[in-house]
Structure formats: structure tokens, C-alpha cells
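Novice: Quick one: the structure is below, and I'll ask about it shortly.
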Amino acid sequence: MSTRKFSIFRYNPITPEVKPFMQEYTIEEPPGMTIFVALNKIREELDPTLMFDFVCRAAICGSCAMIINGKPRLACKTLTSDLKGTVTLMPLPVFKLIGDLSVDTGTWFRHLSVKTKSWIHSSKEFDPNAPEDRMDNETALEIYEAERCIECGCCIAGCVTANIREDFLGAAGINRVARFMVDPRDERSKEEYFDVIGSDEGAFGCMGLMACDDNCPMQLPLQLQLSFVRRKMVSFGLSIK
Amino acid sequence: MLVQKILTRNPKAELYYDLVELFTGITLVGFLWTHMLFVSTILLGSDLFNTLSKSLDDYYLSYVGIPFIVLVFIMHILSAGRRLPTRYQEQKIIWRHAKMLQGTDTWVWVFQAITGAAIFALASIHMFVVLTGWPITATTSAGRVEAFWWFYLVLLLLGEYHAGFGIYRQFVKWGWFPRKPLGYVSKLITVIILTLGVAALWVFLQLGGA
Amino acid sequence: MSNYTTIVSDVLVVGAGLAGERAAIEAASRGLDVIILSLVPPRRSHSTAAQGGCQASLGNCAMGSGDNTDVHFADTVKGSDWGCDQEVARLFVETAPKAVRQMSMWGVPWNRVVGGKKTLPDGREVEDPKEKEGLITARDFGGTAKWRTCYTADGAGHTLQYAVDSVVIKLGITVHDRTEAISLIHDGETCLGVVARCLKTGELRIYLAKSTVIATGGYGRLYGASTNAIINEGNGMSIALNTGLVPLGNMEAVQFHPTGMVPVWILITEGARGDGGYLLDKNHHRFMPDYEPKKKELASRDVVSRRMIQHIRKGHGVDSPYGPHLWLDIRHLGAKHINTNLREIANICKNFNGIDPVNALIPVRPTQHYSMGGVRTNIDGQVYGLKGLFAVGEAACWDLHGFNRLGGNSLAETIVSGWIVGKKMAEYTLGAAELNYQYNNVQGFAKEQQERINNLIAGKQGKENVYALRKEMEQTLMDYVGIFRNGPDLQKAVDNLKEIYHRSLKIGLQSSGKGANPELSTCLRMPGMLRLALCISYGALTRTESRGSHAREDFPKRDDANWLKRTLAYWKEGSDLPDLQYEPVKITELPPGDRGYGESSASSAEGKKQN
Ligand SMILES: Cc1cc2nc3c(=O)[nH]c(=O)nc-3n(C[C@H](O)[C@H](O)[C@H](O)COP(=O)(O)OP(=O)(O)OC[C@H]3O[C@@H](n4cnc5c(N)ncnc54)[C@H](O)[C@@H]3O)c2cc1C
Ligand code: HEM
Ligand code: HEM
Ligand code: SF4
Ligand code: F3S
Ligand code: FES
């Protein structure tokens, strides 16, 4: 069986005296090996201190994003056979580092949800005995298209703007607002939406660098979502006093 | 939000900035490409070039158009220039990031920022020189190009790069076209304009030498 | 002074999956102060992985017309092989349609009825009525008489979890993610909260509350091949079991899903068969109609899984380095359908197997999938044995599923039981006396955990390697406590697991164990996981009948005379086997009878003969 070399970022905040460094490991590479399999092998056989995150290992929960050979990717669905040479793994930038490859995306995304007020704003009371409000199936699918984001953070980590501007909500944030704007159940006014995203923290902060569009593992149509929100914000912004 | 920010916040400032960026960007690209077409009329002969220059002058186009363009130029620098990272650490982050990510569009942007800054200096000089040497004729132009052909070549390359990718990015940002075909179209136009520009420079050089 | 940060609230919910968050909302909207703990950010909980859908008898689509709560009730009871609590099932089916509509208000973009004629993949013509257009539609799932499974394309769990979490955020409920409950705190009568370990820093904290809710999901990862997320290690069940006071119900009831993808064991949703997918053998023969002429691929999960293993044992499996498997064929559904309604499946096949299901067959084999068993509660979600302790969702044995859960019934269970139990729990909390605890007692629980950690780091008890033990446990369950079970195998499993359990008490760390050390986390969980594994195998060994997913080759028939009862497993301190007790199963409406999938008890004996 062939072997594969990994070069992995190491830093543990509880020992700040040890500066960040890259550590190398070599393991056997069976066919069909993913980074998920590889990292667990390294932890179980070579280095039990190595920190990284996986939950679903099926590319649906968004836990395992990291920089793989320079690109933000989901580690669980990256096959080593698709990579050349030494596999270099770095934690996602922008998010708070917990240790090694593990970063705190949870706190960041919760902040995003709070900031964009990501819930259905409705004045309706729930009546358990009434039938549901009708909705066009097309609309339902359109909402789902934006809701497919798994909060992995690849779009944030890859975006230069998000890397230099702490308050920028990034593609995930703008896409999140798009999800509610297309939802007829949400009764928010133009003013409210504009207030949330009509600034450099949101729609106007984006410079069109498209790293988000290139790197989204869910292949969300981010360019379309970002420009949709930008145009909406202009029309909302110009029509409100 | 912090008190000082609440007190000074204009909720629509960033919207207006973005619109100014959009408007000035498009206008400048439009201007530059037209300008290049006009300049390359030299390919069809000095007479045509002179006639064009004169008729633009006669119809006051130059007197209205030029101050307008200068104004747009300044507004562009203010609106687009606000994106330029000013802090050293930010610049370092961007470099590291662009290198690591190899994201094409990110690199394109880095160069756009650099070319923008360079154009700021070069185009200002160029405009100053042309405007102080009024009017524009094939002979004066040929003389300037012969003396400073390298200056023009650099300005041509930087200007076209900046304009070509600038317009691409605007279309991408505003979602008027899907990304991929847009890239091809803007590259194609840029190549055409560059060819015209180089050819025009060559003709000017020949003229100047004559 | 206390050495540990102590955090007090009215309600403490352990687990931020659908069930936990739904219950938390109920308490918070009644003005209670709620804290949720979770191993991971809520939206990474395993609930988001559910793709297929959620059952509720709305009866809106053509194939669901005529559906009602009675039909849903009958399906659920038959599915459970009469192992479920019928009062609970009744309450559940009555509430499910309301819960699904409520989720619609909260933001789930359920797929809707589109009026007009359409041809199903098997050639049948149906016409969805125009007057139902825009109402929530449903797809077909195994073991259901009507199309009843509401869905959002292939992301039912994802959209449900995001909607419920959005309400949690709206209500401002505190969530401490990356925090693991490692022990319950109680005074022998009442639960007072938990000791938790911060997975960012390794710090121990004490959480005290009037009510504690266990909503920690399933234990799939005890098995080597499971469709579950890797955090599904049955934590919540083991900390409840460790009290010695709380029983786990029906732990031997383990569901295997017919279509885990070989060799990564990622689930291919039942929706694939619901939408018309076939199972093929090595000769590309569609074999399910031979066994189950009526329901074919869509008999209940336990039946389909057994038929597949039976067929493989007859030599019709496809050989592979990972053992024999069968094929799932969805090619005939067409590229458009696959790339929209089943897009997630297409992605999984491409990413993890390099195949495109539009033109290739998917290798599948039955894989551990769901735990029917769990922390035993009454109909209000109140846990047996300790006051102020509740359980919901997959972690609980409420007992809606008996010995086999229907696909789509567990997402529905999370939102229904989260609602109902949440309400009961809130009422209890509002009526409860002020939190009353002994300082020393509470500190004692935290110190005990601290001591375990210190011992592991020092290697005081021994030097056993946790990862090696883990592998042995996984393998033992896979080999001897699988789909078909028998006495000698189960005995072997119990013996092996006992031995591994003893070794697990002698684990020593290889690394320093400082901070959020991942090895330490696993070591802390290991003995608890082995106790669960023993509850499963010993319960299975003792239950000498076949019922639902528990299929004994040596006792192929359901035995209602002796076994119409629920297993309750207790763990007495110092013991190395659970103490099994039994309680009768409540039959209120539907007396035990034939499940009606064509598989009579006699034919399940065939599995043995054909061996
Ligand atoms: C691949 C797959 C597909 C499925 N598809 C369907 C389907 O289509 N339809 C259907 O009805 N059902 C489906 N199911 C089943 C269903 O998804 C689950 O049963 C259900 O989501 C469980 O929800 P839960 O809230 O009980 O637990 P989970 O969603 O698993 O949540 C558990 C929570 O507990 C937390 N936790 C665990 N231990 C601790 C601890 N010690 N301390 C603190 N927090 C802890 C976790 O962080 C997590 O937040 C599927 C299951 C799988 C595996
Ligand atoms: C003839 C001259 C110029 C033309 C035709 C031009 C054109 C453009 C266009 C079309 C854009 C895209 C704007 C957008 O994305 O909204 C742009 C961006 C930019 N320009 Fe210029 N520009 C010119 C001169 C300058 C100068 C002198 C500067 C100097 C500071 C400059 C700096 C920038 C910067 C930094 C950007 C990037 C802004 C962003 O990405 O949002 N440009 N330019
Ligand atoms: C507003 C006023 C402007 C006027 C009147 C003007 C006019 C001219 C003229 C007359 C020439 C021919 C050479 C010469 O006579 O020097 C020329 C060439 C050129 N100008 Fe301008 N220009 C203006 C602005 C700009 C700007 C803003 C740019 C920015 C990028 C620019 C880029 C160039 C280039 C690259 C050439 C060389 C063309 C070639 O390849 O032949 N000009 N301009
Ligand atoms: S938009 Fe895409 S890349 Fe960004 S967080 Fe969501 S899934 Fe990840
Ligand atoms: S990479 Fe960043 S700048 Fe905009 S286009 Fe994407 S958010
Ligand atoms: S582990 Fe869930 S996306 Fe990779």
C-alpha cells in the first residue's frame, strides 16, 4: 500500500509558549481514503492530542471545514487521492481557534443569526386546529435552495473581506437574508431588511471576490444570491425615507 | 452600537458609496474604451484623427466632457479607493490569503487595487500633459508618444487591465450576467482594445519619427 | 468556596438536537430560564442529517388521501410489532399533524402539493387535486398504508433543525455548545443537574436546575458500521444508567437500515425507495417482490433488512472487499428527479464513492441506524426513578417505537414529544419547590469526575488503550448482535463485552490529557458505552423470541404469551452486567396480530434454514 505525508498546523491555546508550527505525519493510504479517515488514523495511531472536528462525516453538518492544500474544503468529503503530494492542513481563518484544526464556527454563526434576525417574523398566532397556510411549491423550493447552507464557514474563510473586516457577515450572512426575503411568511418591512444588511457589514461590503462562490461545498448559487440582495437593498434603500 | 457611531451614522451612506462606485466605474470604463477608439482613429490616418479632435472641440464636447470625466475620476478614487486596505497588517493578510487560496478572482482584485493606485498617478500626469498642450492634433500627440512611449505603454496595460476586470467585477456583483461567460466577454474586449492601443502607439511612433 | 463554576437555571436541557431544542422552547415560552448544553453547535446535531421526512397524517396528496390518525396509529403499532405503548402512540398520531403545521409557521419550507396528473415511476397514474394545491404534500415511506411522510426535498431534518433553532435564537435561549454532560447530579430522589466538561478548555462545570432533560440522541456509534454521526455515542443514556436508579428500556431493540452505502455506511435515505428505487442482487434481479409481493421494497425496515441478509446468505450478494452487498437502483427515476428531489443522495454517491446514481448502481447493505431503546419515561416524558429528570427524542424510550421504528416517525417524535414533554416539564418546573441541594453532595459529583480524570492522566488504574478497546467493542456488536441473532453468539458477545468492560476500567492516557484533549473525552465515555453495549446484548440474549428488529434465529416467533413486555435495564454499582426487569406493554386499542407485510413468523424462520 502506498503512503501519504500530511503536514498539519499545530497550536494549542493552553500552551501559548509553544509557537504555532507545522507537524508532519506519514500514514498508509488505502484506496478511497478521505481526510476524515486519515485524521482519525493519525489520532488513534500516531498522536492522540491532535484536535479536529467531525460530526456527520457525510458532508451534511458543516463541522469539518478546514484549509486543505490552500483551499477551504469539507475534510470528510475530500478524498486524498484527489490531492497531489503532501497534504497540508490548516484551520479556517476568521474563526476563533480552539486548537490545531478545530475552530469555533458555532459562536460565529450564532452571532450571524442574531445579527440578521434569522427567524420568521410573523404576527400570526399558531392555531393548532387550522390547516396550514398554502404556499406555492416553487416558492418552497426557492426557500430551500438558500436554506441548504450548512454553516461550514468555507465562504467566510475564503473571503478576503471577511478576513480583514471583523464585522462583515460574508456570503453566508447575505445568503441567509436572501432566504428570508423570498419567504412570503416573513413580514419584515423594507426598512427592517435594509437595517440588517444594507451596509458595509452586509450587501455593500462584498467586493465580488467570488471565493465564496468557488468554494461553497453545497454549491449554493452565491453569486446570484449576493447580487440579488445587493439589488434589493438598493431598491429598498432608495425607496425608504 | 457605540455612542459615537450612533450619533454620526448615516444609515444610507454605504448604499450611496456603492452606487457611486458603480456609476463611476461604468462611466470610466465607457470613457476609456471610447477614448481608446478615438485615439486609434490614427490607424486610419492623421486627417481623420485631426477632424475628430476638432469636431469634438467644436461641439464643446471637450469642455463639458473633460471636467465631467475629471470629476468622475475623483469620485471613483474616493468610492472605490475606500476598499483599499490601509493598515499594514491588513495588507499582509491579503497577500498571505491570495497566495494560499490561489483564488483567481482574489488575485485579480489584488492587482486591480495595485493598478488602480498606479493609474491614479500616471493618468493624472497624462491628463495634465494633454490638457496643457491643447489642442490635440496628430502631430503633438505623435511627439508626446515618441518621447514617452514607455509611459503610454505602461498606462495602456494598467488601464486596460483595471477597466476590463473592473467591469467584469461590477457585472458579477450586480448579477447582470453569470460569471463564466462574463469573464470571456470582458477578456475579449480587453484584448481588442489592447491590440488597437498598441497599434495606435506604433503608428504614432512612425509618425513622430517621420 | 466552590472550585467549580456553578451555573443555575430553572431548566437544563442536555442535547440541542430537534427534541431538546423543541422542549427548551416550550419551557422558555412559559417564562422559565433555560440553558441548553450540546457537544456541538445545535445546527450540527445529528437531526440535521435526516433527509427523508417526517410522518403526519395530513392526507393532502393524492396517494395520502383517506389518511387519518387511526391509520397512522395502526401503522405505528404494527411497525413496532406491538412493542410500543399504545397510549403514547395515540397521543403521538393525534399531535403529529399539528406539530408539522407548527413547523410550517416556524419556517420549514415543506414541499407542497402541485395539482394535476403525474405518472409514478412504476407506471401508476395519479392526479393531485387542484383544491389541495399549496398544502403540505407527502412521500411514500416503508411500513405506511398511505403516503404520509412530509418532506423538504432531501433536507427534512436540516430544515426542521434550522427552523427550531431559529426560534431558540429568537427567544434568546442560552446555549452552551461544546459542553459535554458527563454525570448527573442527584440526591437519590431528585435530579439536580449535571457535571459537564467544556470541550473548548477541558474545564469542569456544575449546572444546577429544577428540571433536567436528556435529549442526547442515539448510540449508533457503538456499532462499527452505523449511519449515525460520530458523536452519537449514547452519552445521555449512559449517564442516566450510571445513577443506578434509572432504567433503560428495550435496549435490545436496534434498528438496521436497509440501505447504508458500502463501505462508508452513509445512509441512502428511504426516500430513494419511496420515490421508486429498487433493490437488485448480483444478477440485477429485483428480488424484494419475491419475498414481499405486496409492499416490495417498502415493507418495514426490519423486514427489508432481514430479507436482504437472507438473500445474501442464499448466495445472491455481490462480492466486495467489504463483504457481500446488494444494489440500489434509482437510474429509472431519471436525471431530473435525482438531481433535484434526491440531490443529496447524488452528492453522497459522487463524493464518497465516485459514482453517479443517474447511470450507476449504488452498493448497499443493512447498517445500524436507530436506537428504539433509551431512557425509560412515562407518557409525560418523566424518567423512571428520579424526580425532575425528563427524556425526549431518540435518547428516550417514551415508547413510541416498540421493537421497530417506522421511517419518518422519529423526526415526528422529536417535534411531538419535544412539544408535549416540554409542556409537562415546564408545568412540573413551575410547580416545583426552590432548588434544594446539599453543597457537599453536589461538589462530590464534580470531584468524582475530577478524580476519574486525574487517574486517567496519571495512568493509575492501568495502561489500556482506549482506541483498541473501542474497536473490539464495535466489532463484537457487529459480529454477534446484528440483524439475525442467536443464543451462542449473544452469549459470546456478552462474555467479550464483559471482559472489555473490565479492561475499560483500566484505561490510561497516552497523551497529557490537558485542556480539550480529545483522547481524554473518549476515555471518559468508554466505560459508559460498554455498559450500554452490555444492556443491548444481555437484553437480546435474555429475550427468547423474535419481535420487530430483534430477530432470534433460535426463537423465530413472536411470543406474546411470555414476552409482551418491555425490558428495563438497571446498572447496580460494581456490577458488570445489567439487572434486567420487565414491565407489561400497555395494549389499549389494537391487540397483537399479524403485521400484514406478508412476513409471517413462520417465514422468518426461513432465514435460519437457508443459512
Ligand atoms: C442518517 C440518518 C437519517 C435519518 N433520517 C430520518 C428520516 O428521514 N426521518 C426520520 O423520522 N428520522 C430519521 N432519522 C432519525 C432521526 O434523525 C433521529 O432519530 C432524530 O433526529 C434524533 O433527534 P434527537 O433530538 O433525539 O437527537 P440528536 O439530533 O442526535 O441530538 C442529540 C444532541 O445531544 C447532544 N449531546 C449528546 N450527548 C451529549 C452530552 N453528553 N452532553 C451534552 N450534549 C450532548 C448533541 O450535541 C446533540 O445536540 C435519521 C437518522 C439518521 C442517522
Ligand atoms: C480610467 C481610470 C479608471 C477606470 C476605467 C476604473 C474602472 C474601475 C471599475 C469599473 C471598477 C469596478 C468597480 C466595482 O467593482 O464596483 C474599479 C474598481 C476599483 N478601482 Fe478603478 N478605475 C479607474 C481608475 C482608478 C484609480 C485612479 C484608482 C485609484 C485609487 C482606482 C481604484 C480602484 C479600486 C481600489 C477598485 C476596487 C474596488 C472594488 O473592488 O470594489 N481606479 N475601477
Ligand atoms: C480626460 C482626459 C483625457 C484626454 C483628453 C486624453 C487624451 C489622450 C490623447 C490625445 C492621447 C494620444 C496621445 C497623446 O496625445 O498624448 C491619449 C492616449 C492615451 N490615453 Fe488619454 N486622455 C485622457 C484621459 C486618460 C485616462 C484617464 C487614461 C487612463 C487610463 C488615459 C489613457 C491613455 C492611454 C493608455 C493612451 C495611449 C493610447 C495608445 O495606446 O495609443 N487617458 N489620451
Ligand atoms: S454558504 Fe456555502 S460555504 Fe458558506 S457557510 Fe453556507 S454552505 Fe458553507
Ligand atoms: S468572497 Fe467575499 S467579497 Fe463577496 S463575493 Fe464572496 S463575499
Ligand atoms: S463532518 Fe459533517 S460536514 Fe464533514
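Novice: Is it true that C:Gly172 is within 14 Å of chain A (Cβ to nearest Cβ) and assigned to a loop (DSSP other than H, G, I, E, B)? Write out each step before concluding.
Specialist: Details: within 14 Å of chain A (Cβ to nearest Cβ): yes; assigned to a loop (DSSP other than H, G, I, E, B): yes.
It is true that C:Gly172 is within 14 Å of chain A (Cβ to nearest Cβ) and assigned to a loop (DSSP other than H, G, I, E, B).
Novice: Do we have C:Gly528 as away from chain A (no Cβ under 14 Å), touching a Pro at 6+ places or on another chain (Cβ under 8 Å) and crowded, with 23+ Cβ neighbours inside 10 Å here? Before the answer, list the steps.
Specialist: Values: away from chain A (no Cβ under 14 Å): yes; touching a Pro at 6+ places or on another chain (Cβ under 8 Å): no; crowded, with 23+ Cβ neighbours inside 10 Å: yes.
Spelling it out, it is not the case that C:Gly528 is away from chain A (no Cβ under 14 Å), touching a Pro at 6+ places or on another chain (Cβ under 8 Å) and crowded, with 23+ Cβ neighbours inside 10 Å.
Novice: Considering (1) assigned to a strand (DSSP E or B); (2) at positive phi, say which one C:Thr567 fails and leave the rest.
Specialist: Only one criterion in (1) assigned to a strand (DSSP E or B); (2) at positive phi is unmet by C:Thr567, namely (2).
Novice: Next up: Out of curiosity, is A:Arg185 more than 13 Å from ligand 5 (Cβ to nearest atom), farther than 21 Å from B:Gln170 by Cα, touching a residue at least 24 places away in the same chain (Cβ under 8 Å) and within 14 Å of chain C (Cβ to nearest Cβ)? Quick ask: steps written out before the conclusion?
Specialist: On the way: more than 13 Å from ligand 5 (Cβ to nearest atom): yes; farther than 21 Å from B:Gln170 by Cα: yes; touching a residue at least 24 places away in the same chain (Cβ under 8 Å): yes; within 14 Å of chain C (Cβ to nearest Cβ): yes.
Judged against the criteria, A:Arg185 is a match.
Novice: Quick check on the stretch B:103-138: of everything there that is exposed (fewer than 13 other Cβ atoms within 10 Å of the Cβ) and more than 16 Å from ligand 2 (Cβ to nearest atom), which residue is farthest from B:Trp202 (Cα to Cα)?
Specialist: B:Thr132
Novice: Tell me, yes or no, whether the stretch A:92-102 has at least one residue that is touching a residue at least 12 places away in the same chain (Cβ under 8 Å) and more than 18 Å from the chain's Cα centre (by Cα).
Specialist: So in the stretch A:92-102, the residues touching a residue at least 12 places away in the same chain (Cβ under 8 Å) come out as A:92-102.
Going one step further and asking which of them are more than 18 Å from the chain's Cα centre (by Cα), we end up with A:99-100.
The answer is yes, given that some residue of the stretch A:92-102 is touching a residue at least 12 places away in the same chain (Cβ under 8 Å) and more than 18 Å from the chain's Cα centre (by Cα).
Novice: Is it the case, given these coordinates, that A:Ala140 is assigned by TED's automatic domain parsing to the domain that holds A:Leu209 and either in contact (Cβ under 8 Å) with a residue 60 or more places away in the chain or within 16 Å of ligand 3 (Cβ to nearest atom) (or both)?
Specialist: On the way: assigned by TED's automatic domain parsing to the domain that holds A:Leu209: yes; either in contact (Cβ under 8 Å) with a residue 60 or more places away in the chain or within 16 Å of ligand 3 (Cβ to nearest atom) (or both): no.
So A:Ala140 fails the test.
Novice: Another one. Can you tell me which residues in the stretch A:19-64 are without any contact (Cβ under 8 Å) to a residue 12 or more places away in the chain, more than 26 Å from the chain's Cα centre (by Cα) and more than 18 Å from C:Glu519 (Cβ to Cβ)?
Specialist: A:Lys19 - this is the single residue of the stretch A:19-64 that is without any contact (Cβ under 8 Å) to a residue 12 or more places away in the chain, more than 26 Å from the chain's Cα centre (by Cα) and more than 18 Å from C:Glu519 (Cβ to Cβ).
Novice: Could I ask something else about it? Anything in the stretch A:51-60 that is more than 11 Å from ligand 4 (Cβ to nearest atom) and within 20 Å of A:Gly158 (Cβ to Cβ)? List them, or say none.
Specialist: First pass over the stretch A:51-60, keeping only residues more than 11 Å from ligand 4 (Cβ to nearest atom): A:51-58.
The answer is A:Phe52, A:Asp53.
This table checks each residue for (1) within 11 Å of ligand 3 (Cβ to nearest atom); (2) away from chain A (no Cβ under 14 Å); (3) under 30 Å from A:Arg165 (Cα atoms); (4) over 20 Å from the mean Cα position of the chain (by Cα).
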{"site": "B:Val29", "(1), (2), (3), (4)": "yes, yes, yes, no"}
{"site": "B:Lys54", "(1), (2), (3), (4)": "no, yes, no, yes"}
{"site": "B:Tyr60", "(1), (2), (3), (4)": "no, yes, no, yes"}
{"site": "B:Ile66", "(1), (2), (3), (4)": "yes, yes, no, no"}
{"site": "B:Leu71", "(1), (2), (3), (4)": "yes, yes, yes, no"}
{"site": "B:Met75", "(1), (2), (3), (4)": "no, yes, yes, no"}
{"site": "B:Leu78", "(1), (2), (3), (4)": "no, yes, yes, no"}
{"site": "B:Ile94", "(1), (2), (3), (4)": "no, no, yes, yes"}
{"site": "B:His97", "(1), (2), (3), (4)": "no, no, yes, yes"}
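Novice: Here's something else I'd like to know. Could you tell me whether any residue of the stretch C:349-369 is part of a helix (DSSP H, G or I), more than 14 Å from every other protein chain (Cβ to nearest Cβ) and among the aliphatic types (A, V, I, L, M)? Give the steps one after another, and end with the answer.
Specialist: Taking the stretch C:349-369 first, the residues part of a helix (DSSP H, G or I) are C:349-353.
Add one more test, that the residue is more than 14 Å from every other protein chain (Cβ to nearest Cβ), and what stays is none.
Checked against the condition, which is being part of a helix (DSSP H, G or I), more than 14 Å from every other protein chain (Cβ to nearest Cβ) and among the aliphatic types (A, V, I, L, M), the stretch C:349-369 yields no hits at all.
Novice: Then there's this: Residues of the stretch A:106-121 being more than 7 Å from chain C (Cβ to nearest Cβ) and over 18 Å from the mean Cα position of the chain (by Cα), which ones?
Specialist: Passing the criteria: only A:His121.
Novice: Return the residue satisfying two criteria in turn: it lies in the stretch B:150-176 and is away from ligand 2 (no atom under 11 Å from the Cβ) and within 14 Å of chain A (Cβ to nearest Cβ), and of such residues it is surrounded by the fewest Cβ atoms within 10 Å (Cβ to Cβ).
Specialist: The selected residue is B:Trp176.
Novice: If I filter the stretch A:61-85 down to residues being within 16 Å of ligand 4 (Cβ to nearest atom) and hydroxyl-bearing (Ser, Thr, Tyr), which single residue comes out as surrounded by the fewest Cβ atoms within 10 Å (Cβ to Cβ)?
Specialist: Selected residue: A:Thr78.
Results for (1) out of contact with any Cys (no Cβ under 6 Å at 6 or more places or on another chain); (2) closer than 16 Å to B:Phe177 by Cα; (3) within 8 Å of another protein chain (Cβ to nearest Cβ), shown as yes or no for each residue.
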| site | (1), (2), (3) |
| --- | --- |
| A:Gly198 | yes, no, yes |
| A:Cys206 | yes, no, yes |
| A:Met210 | yes, yes, yes |
| A:Arg230 | yes, yes, yes |
| A:Ser235 | yes, no, no |
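Novice: Could you tell me whether the stretch B:16-26 includes any residue that is at pLDDT below 90 and hydroxyl-bearing (Ser, Thr, Tyr)?
Specialist: Keep residues of the stretch B:16-26 that are at pLDDT below 90, which gives none.
No: the stretch B:16-26 contains no residue that is at pLDDT below 90 and hydroxyl-bearing (Ser, Thr, Tyr).
Novice: Among C:Ala225, C:Ala240, which is away from ligand 6 (no atom under 16 Å from the Cβ), surrounded by fewer than 24 Cβ atoms within 10 Å (Cβ to Cβ), under 27 Å from C:Ala391 (Cβ atoms) and of a type outside the set (Val, Ile, Thr)?
Specialist: Values: C:Ala240 fails: surrounded by fewer than 24 Cβ atoms within 10 Å (Cβ to Cβ).
Every option except C:Ala225 fails the conditions.
Novice: If you go through the stretch A:127-144 one residue at a time, do you hit one that is of a type outside the set (S, T, N, Q), at pLDDT 95 or above, surrounded by fewer than 24 Cβ atoms within 10 Å (Cβ to Cβ) and within 20 Å of A:Pro72 (Cβ to Cβ)?
Specialist: So far as the stretch A:127-144 goes, no, none of its residues is of a type outside the set (S, T, N, Q), at pLDDT 95 or above, surrounded by fewer than 24 Cβ atoms within 10 Å (Cβ to Cβ) and within 20 Å of A:Pro72 (Cβ to Cβ).
The values are calculated or read from the model by the stated rules, or taken from the named source; none is laboratory data. Predicted, not measured: the structure shown is a model, and the values here were computed from it. For neighbour counting, all protein chains shown are included, and Cβ atoms are generated from backbone atoms with ideal geometry for every residue, glycine included.
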